[in-house]
Each structure stands twice: as C-alpha cells, then as structure tokens.
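Here's the structure we're looking at; comments come further down.
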Amino acid sequence: MSDVARRAGVSLMTVSNAFQQPGKVRPETRARVLAAATELGYIPNLIAGNLASGRSRVIAAIVPSLRNSNFARMIQGMTDQLEKHGYELLLATADTPEREVKAITTFLGLRVDGLVLTGTGHSRDVRSLLEAARLPVVETWNLDGPYIDMAVGFPIIRPPDKWAS
C-alpha cells in the first residue's frame, strides 16, 4: 500500500479511501491510485480492512439450487443491486437442512455483513445461529412467517375453505 501511495503521490489514507470509500476521493486522484495499483500488481488486503472497519462489504446468499432459472435471475438481481452499493455477493447452495447450517456457519465465520436465505422454513439450529449472530437476514420467496429478521417475496394465498378438498 505504501508503494502505491508513493507511486501515485498520495497518502496511505487516500489509497485506502480510493479502494474502500471511493466517494471520498476525487476521480482524478482515484484514477492515479488505481493506475499505480495496477502497475504494481497491488490488491488490497480485505481482511485487514475488515478488521479495521468491522465490515466485510460482503452479503451471503443461500439458494437450494442453481438449476432453477428463477434463482439465477434472483442472484443476478442481487448482484446488480449490491454492486451499486459497494458490496459483493458470496453464494452457496443448500438442499438439506444440514448443508444450510454448514453454509451459514461458514458465512458467519467469514463475518459477512448480511445473509439472504431462500424460504422461511429453517431448522431450529439455523434460527438459533442467526438470532445469536444478530446479523441482518432477509428471507426470500414466500412470506409465510415467522421470519428470522425480515422477508421479501410472495404471499402464500390459501383458498377459501369451500375450495379445500
């Protein structure tokens, strides 16, 4: 980082801001920093930045499958929106409750800033992990609560009793 700062003729803080908070750096200065970083092959140490800021700028999502085109569209939509706000998407698939717990445990260990889950039917282990983590959680697809934190999706429409068979 100090080599990049020297090459671009800026402070270490300016280099840090150019990568972490680009809005704080004038466009021409950021361009110089990025050019110097490219020339030197510099890649910021995200772990060090995460420790300093307490934020990873990563949102994790767990979907049951990548074979369903609806999930692919959802993932693309999340990626597009997260990128606009300086976040990256980390993705896992889980088609069993055990796999979901494993993915969530991994994501919590990586200190993601938030988690997106598919559906609202999660095991007690998942609910306990996430309630203890106090992490923003969005459950998607159906709105058949209760929710761990918040939900975005489609209400489940139940037919009137007269339609029940």
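Here the Kirkwood formula, the inverse mean of 1/r across different C-alpha pairs, assigns region 1-155 a hydrodynamic radius of 17.4 Å.
For the listed peptides 112-122, 97-107, a ranking on the average number of other beta carbons within 10 Å per residue, highest first, reads 112-122, 97-107. Simple spin-label estimate for Ala133 and Asp95 gives 2.3 nm between the two label positions (7 Å along the Cα-to-Cβ direction from each Cα). Whole-Hz Karplus values for region 11-28 come out as 7, 4, 4, 5, 4, 4, 5, 4, 8, 8, 9, x, x, 8, 10, 4, x, 5 Hz, taken residue by residue from phi with 6.51 cos²θ - 1.76 cosθ + 1.60 and θ = phi - 60°; glycine and proline positions read x. Based on the Cβ-Cβ distance of Lys102 and Ala35, what FRET efficiency does E = 1/(1 + (r/R0)^6) give at R0 = 41 Å, to the nearest 0.05? So the FRET efficiency works out to roughly 0.50.
Overall, the accessible surface of region 17-136 at a probe of 1.4 angstrom is composed of carbon and sulfur to the extent of 54 percent. Using alpha carbons only, the radius of gyration of region 71-165 set against its Kirkwood radius gives Rg/Rh = 1.03. Computed from the C-beta positions of Leu66 and Ser11, the FRET efficiency with R₀ = 45 Å rounds to 0.55. Less than 5 angstrom separates the built amide H of Gly114 from those of Ala60, all sequence-distant by 5 or more or on a different chain. Rounded to the nearest 20 debye, the dipole magnitude of region 1-147 is 500 debye, with +1 charges on Lys and Arg beta carbons, -1 on Asp and Glu beta carbons, and the Cα centre as origin. In the context of the full set of protein chains, residues of the chain present 66 Å² of accessible surface per residue (probe radius 1.4 Å, heavy atoms only).
The values are calculated or read from the model by the stated rules, or taken from the named source; none is laboratory data. What you are looking at is a predicted structure, and each value in this text was computed from that prediction instead of being measured. Positions of Cβ are backbone-derived with ideal geometry, glycine not excepted, and every protein chain shown enters the neighbour counts. In case anyone asks, the SASA skips ligands and DNA or RNA and just uses the protein heavy atoms, side chains included. Shrake-Rupley method; radii C 1.70, N 1.55, O 1.52, S 1.80 Å.
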